1. Translational diffusion coefficient, Stokes-Einstein: compute it for the stretch 77-144 using the Kirkwood radius over C-alpha pairs as Rh, at 4 °C and 1.567 mPa s, and state it as an integer in µm² s⁻¹.
2. State the dimensionless ratio Rg/Rh of the stretch 270-320 (Rg: radius of gyration of Cα atoms; Rh: Kirkwood radius).
3. Once both labels are modelled 7 Å past Cα along the beta-carbon direction, what's the residue 130-residue 93 spacing in nm?
4. So who's got an amide H within less than 5 Å of the one on residue 84, skipping anything under 5 residues away but keeping other chains? H placed 1.01 Å off N, in plane.
5. Quick check for you: which residues of the stretch 387-431 have the amide N under 13 Å from the point 7 Å beyond the Cα of residue 264 toward its beta carbon?
6. For the stretch 399-435 and the stretch 298-320, compute the distance between their C-alpha centroids and round to whole Å.
7. In nm, to one decimal, how far is the residue 79 label point from the residue 283 one, both placed 7 Å along Cα→Cβ?
8. Can you compute the modelled spin-label distance between residue 33 and residue 71, with each label point 7 Å from Cα toward Cβ, in nm?
Amino acid sequence: MRNRAVVAAAVVAFAVGVGVVAVVAGRGGGGADLVRLPAATGSATGTADAAAPTAERSIGALAPVIPLDYTVKGSLPDLPSSAAAYRLPTDTTADAVKRLAAALGVDGEPQPTAGGWVVHDAERSVQVMKAPGAPWSLSRCPEAMTVSSDGSTAGVVKGCEVAAAIAGSGGTAVDLPATSPQPAPCPADATCAAPPATAVPEPVPGTKPVPDAQSAGPPLAGPPVSVVPPDQPPARPDLPSREEATRVAKEAFARLGAGDQGFQLEDSWSNWSARVDGLVDGAAVPGLGTWLGIGPGGVIEYGSGMLARPERLGDYPLVSVQAGLDRLRRGFGAGVRPMAADGTPVRDGVVPPAVAVAPAEPGPPVTIEQPVPAEPPVTHLVITGAHLTLLQVGDALVPAFAFDLESGGTTSPVPAVTDQWLDQQARSLPQPAKG
């Protein structure tokens, strides 16, 4: 028997963490074959400054949040004058999805969905999105309650079954088999017996009987009483040793083809969190790594990465490192505010206008100046070097500069491609011509 059901509980948290395989497909692409790369990475207002030079508008200033001031210690290196860009394919195949699931220890057949693919067994689910790079995620399957169209409980099923049914239907209304027996409906020409009444125990002498929920009268006057359970933190899972978790993680990364460059293993209390760098032509790309969460028994419970292989578009001409630094100083990086020539932050937006407020007593309106929000303090950062990397914009990996900081880490990547090959309006690569 099948019931029309809607999911009444969250099923699977679909984390779209992005990773990338180490092998890059394709090698061609001369100057005559190049296409313009997307550069519209967004801004706080959604528009670019029409008076700004083309180079500034084409990169797409991101939300200016923190005013940053950069100084260079020493001299910047000479970097190549050209670098390769890549396309992240959107589609993948059932065979590739099945190999991915097998590498993660999930035994099942890939099922096409409205948004990609799903593979699940009794405990875990692998989902692959139809998006740039075919990002995938692995998660455990919680139990989920289903509710019939009349509001009654239809049963409890494993979250993997619900997730697969939802993904396949493209919505929240799905047909699921009830796992608990359902009473047969009462025929129209029969008299159905009423359910037996629940026996009420006799009150103990000297006490007052406790009314049931149906016969209880209005509550007594007074504040509501909350019953707070004892403050007992959940028990820590019995995780494998660091050595065993390292072995499990590295073997899984090898099966996934992710390698072990930049391998990190951290104790996340509920599991071991393992990461490796995402590589394109042997170079690590920020934000494109693969992650695994290893739980009790060495089982890989969670994970995320990217299934599709980047396709080489060709080599693109780059601006100089100094020009890239100028772009960075003008605010073309996440969470930065451009600095004016005198070293003060450039405010994004306009000063709030004065507002005329009618007084409570008869008389002329009173003009009140709206306060201008105070500028946050300027953060001064020292740059000690620079290197080439890639910045994901939609389905493109755009050559970019990242500047090394004396305090550790790097700045946000800044597009390094010349204006000629940047499309200031596009957020994805042009689609190939059909035919």
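The values are calculated or read from the model by the stated rules, or taken from the named source; none is laboratory data. Source: prediction; values computed, not measured. Cβ coordinates were reconstructed from backbone atoms using ideal geometry, including for glycine residues, and neighbour counts include every protein chain displayed. All accessible areas refer to the heavy atoms of the entire protein, side chains included, with ligands and DNA or RNA removed. Shrake-Rupley method; radii C 1.70, N 1.55, O 1.52, S 1.80 Å.
1. Answer from the Stokes-Einstein relation: 96 µm²/s.
2. Radius of gyration over Kirkwood radius for the stretch 270-320 works out to 1.17.
3. Taking the two extended label points, one gets 1.8 nm.
4. Here the answer is 316, since their amide H atoms fall under 5 Å of that of residue 84.
5. Zone members listed by number: 409-410.
6. Going from one Cα centre to the other spans 14 Å.
7. Calculated label separation equals 0.7 nm.
8. 4.8
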